[in-house]
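First up is the structure itself, then whatever we jot down about it.
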Amino acid sequence: MAEYESLIHLSRWRRVVIWFCENPVGQAIWAIPLGLLFAAPFFYIGFWWAALIIVAGVAFALGWSAARRRLLRDGRLDKL
C-alpha cells in the first residue's frame, strides 16, 4: 500500500501549486492556457513562421545529407 503524505503543514498557496503540478485536472487547467499562448503567433502573425521553421529543418537535413555523403565518399570534409 502506498504511503500517504499529508500536506496540511504547508501554506495554502504551496498546496495549490502542488495540486496544479500533480493532479491531472490541475495539469489541464494550466496546460490549456499555456498551449493557447504557444499557438498565439498563428493568430497574430499567420502561418508563415511555422513554414519558415519547416523550410529551415528541410534545408538542414539536405545539408547534413550532402556532408555525410561527401564524408563517406572522400573520407574528409572541407572547412567552410
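Quick check on my filter: what residues within region 26-80 are of a type in the set (Ser, Thr, Tyr) and loosely packed, with under 10 Cβ neighbours inside 10 Å?
Of region 26-80, the ones of a type in the set (Ser, Thr, Tyr) are 44, 65.
44 - this is the single residue of region 26-80 that is of a type in the set (Ser, Thr, Tyr) and loosely packed, with under 10 Cβ neighbours inside 10 Å.
If the requirement is being not in a helix (DSSP H, G or I) and not assigned by TED's automatic domain parsing to the domain that holds residue 19, which of these qualifies: 77, 52? Show your work before the answer.
Working: 52 fails: not in a helix (DSSP H, G or I).
Result of the check over 77, 52: 77.
Residues of region 10-38 being in a helix (DSSP H, G or I) and of a type in the set (S, T, N, Q), which ones? Full working, then the answer.
Applying the first criterion (in a helix (DSSP H, G or I)) to region 10-38 yields 12-22, 24-38.
The answer is 27, and nothing else.
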Practice item. May I ask you to verify whether residue 14 is at pLDDT 80 or above, surrounded by 10 or more Cβ atoms within 10 Å (Cβ to Cβ), touching a Leu at 6+ places or on another chain (Cβ under 7 Å) and basic (Lys, Arg)? Key: no
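The values are calculated or read from the model by the stated rules, or taken from the named source; none is laboratory data. The structure displayed is predicted, hence computed values, not measured ones. We place every Cβ from the backbone using ideal geometry, glycine too, and count neighbours over all the protein chains shown.
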